[in-house]
Amino acid sequence: MRYIYADNSATTAISPTVLEKMMPVLTEYYGNPSSLYRIGGKAKEILENSRENIAKNLGAANANEIYFTSGGSESDNWALKGVCRALKAKGKKHIITSKFEHHAILHTCQTLEKEGFEVTYLDVYENGIVHPEDVENAIREDTAIVSIMYANNEIGTIQPITEIGAICKKHKVIFHTDAVQAAGYVKINVQEQNIDMLSMTAHKLHGPKGIGLLYVRRGIRLENLIDGGAQERNKRAGTENVAGVVGLDAALQEAVDTMDERREHLEKLRDRLIDGLLKIERSRVNGDRVHRLPGNVNMCFEGIEGESLLLRLDMNGISASSGSACTSGSLDPSHVLLAIGLPHEIAHGSMRLTFSAELTDEDVDYMLEVIPQVVTYLRNMSPLWEKIKKQEAQEALNK
Ligand SMILES: *Cc1c(COP(=O)(O)O)cnc(C)c1O
């Protein structure tokens, strides 16, 4: 049976060339970068070379604006908590974000609300895109930071980051973006786009898990999140994950080098898949179809449960995710789908497929065969679907 891993927004397979670059760091240059002897010095050199190259790939002015962390969640926590706690004494107590951020941002905002900060959660409308003028209208005297994600992890919509950056610059408010889903998939230049802070993680772009970074523009004051040793210029303690950093660097470099061809390849296949699946009655695409990550397909099929859909897809060799996967255990539909205005019962029947560049035309043919069958199978035993069809018949009669 064909196997299609279609959950690359949850995590990706490590690229063989990335792994190859990491291996010597794990086996030969395993020294602690803070040590003064030779293999410590070598590890330090490797670390700083990667920092330089990553800074270049993100368009940062200086390598020492890059701070390595354990991943996207830590970077998001640090950006918001670090800035807000540093600016509180100046009377800045307001945060602007959006309703469909990752929980690493939303739950951090909740913590800060308990500490006395006020948060404005901007609407993302039906197409899943923040309006820059809403950001501008929400800015107050006491706004400490604006945090808007670059691309959404569920519906893949790409936000007008350059416009939001310009607005924040004009009003002298710090602008952070969670670029975990965007880095390596869309062009990013923190200087040109007026991004003051940016979070990313390696494992969403074929790098290893447990390593990420926070870009912090020079001059921004930020409290530490992890106290301890003097690593990362006294800002983030803990022995450096040198192999991880090398993996992050290699993964970003590979992604940047192949970005255009991957985008072209994936967009073509993605659009063919979406067009095909839209032929299923009572189906819809979630999020803007144009301003969308190349490998993201997110759709709803009325009358079925996302979870049962996933299980049937898994039986057919397709690893997908449903809108509520991140909150597995809870039956609440995804906060992202609710934020774009989907009613609960429709949001429940959602499916997210996120592809890597390995996706082929044959994979798409296979999914176009299997998914409609599975949807029909599940609808045939769904009381909800029966109700929808009865209602439909009634409406036809009434006409
Ligand atoms: C995956 C993800 C995170 C969390 O990153 P980790 O490295 O897994 O902690 C944060 N934000 C977004 C948008 C994500 O997709």
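The values are calculated or read from the model by the stated rules, or taken from the named source; none is laboratory data. From a predicted model like this one, the values you see are computed outputs, not experimental measurements. In this analysis, Cβ positions are derived from the backbone assuming ideal geometry, glycine residues included, and neighbour counts consider all displayed protein chains.
Figures for the structure shown
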item	result
Unique match (being assigned to a loop (DSSP other than H, G, I, E, B), closer than 30 Å to N32 by Cβ and of a type in the set (D, E)) among E254, E240, E281	E240
Count - residues of region 147-170 that are under 26 Å from L342 (Cβ atoms) and surrounded by 21 or more Cβ atoms within 10 Å (Cβ to Cβ)	15
Flag if T108 is of a type in the set (V, I, T), assigned to a helix (DSSP H, G or I) and free of Cβ contacts under 8 Å to residues at least 40 places away in the same chain	yes
One residue from D227, D271 being at pLDDT 95 or above and either in contact with a strand residue (DSSP E or B) (Cβ under 8 Å, 6 or more places away or on another chain) or part of a helix (DSSP H, G or I) (or both)	D271
Qualifying residue in region 111-122 (condition: within 16 Å of the ligand (Cβ to nearest atom), surrounded by fewer than 24 Cβ atoms within 10 Å (Cβ to Cβ), in a helix (DSSP H, G or I) and among the basic types (K, R))	no
Top-ranked residue in region 56-72 [being part of a helix (DSSP H, G or I) and in contact (Cβ under 8 Å) with a residue 60 or more places away in the chain; ranked as surrounded by the fewest Cβ atoms within 10 Å (Cβ to Cβ)]	N64
All positions within region 183-209 that are surrounded by fewer than 23 Cβ atoms within 10 Å (Cβ to Cβ) and near the ligand (Cβ under 10 Å from one of its atoms)	K209
Which listed residue is without any contact (Cβ under 8 Å) to a residue 12 or more places away in the chain and either among the polar types (S, T, N, Q) or assigned to a helix (DSSP H, G or I) (or both), from D332, D314	D314
Residue, nearest to the chain's Cα centre (by Cα), within region 3-55, restricted to residues that are hydrophobic (A, V, I, L, M, F, W, C), within 16 Å of the ligand (Cβ to nearest atom) and in a loop (DSSP other than H, G, I, E, B)	A10
Test: R85 is among the basic types (K, R) and either in contact with a strand residue (DSSP E or B) (Cβ under 9 Å, 6 or more places away or on another chain) or not in a helix (DSSP H, G or I) (or both)	no
Flag if V180 is part of a loop (DSSP other than H, G, I, E, B), within 11 Å of the ligand (Cβ to nearest atom) and in contact with a helix residue (DSSP H, G or I) (Cβ under 7 Å, 6 or more places away or on another chain)	yes
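Each row is one residue, and each column tells you yes or no for (1) crowded, with 23+ Cβ neighbours inside 10 Å; (2) of a type outside the set (D, E); (3) over 23 Å from the mean Cα position of the chain (by Cα).
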position: V242; (1), (2), (3): yes, yes, yes
position: R270; (1), (2), (3): yes, yes, no
position: L273; (1), (2), (3): no, yes, no
position: S283; (1), (2), (3): no, yes, yes
position: R289; (1), (2), (3): no, yes, no
position: N296; (1), (2), (3): yes, yes, no
position: E305; (1), (2), (3): no, no, yes
position: S308; (1), (2), (3): no, yes, yes
position: G317; (1), (2), (3): no, yes, yes
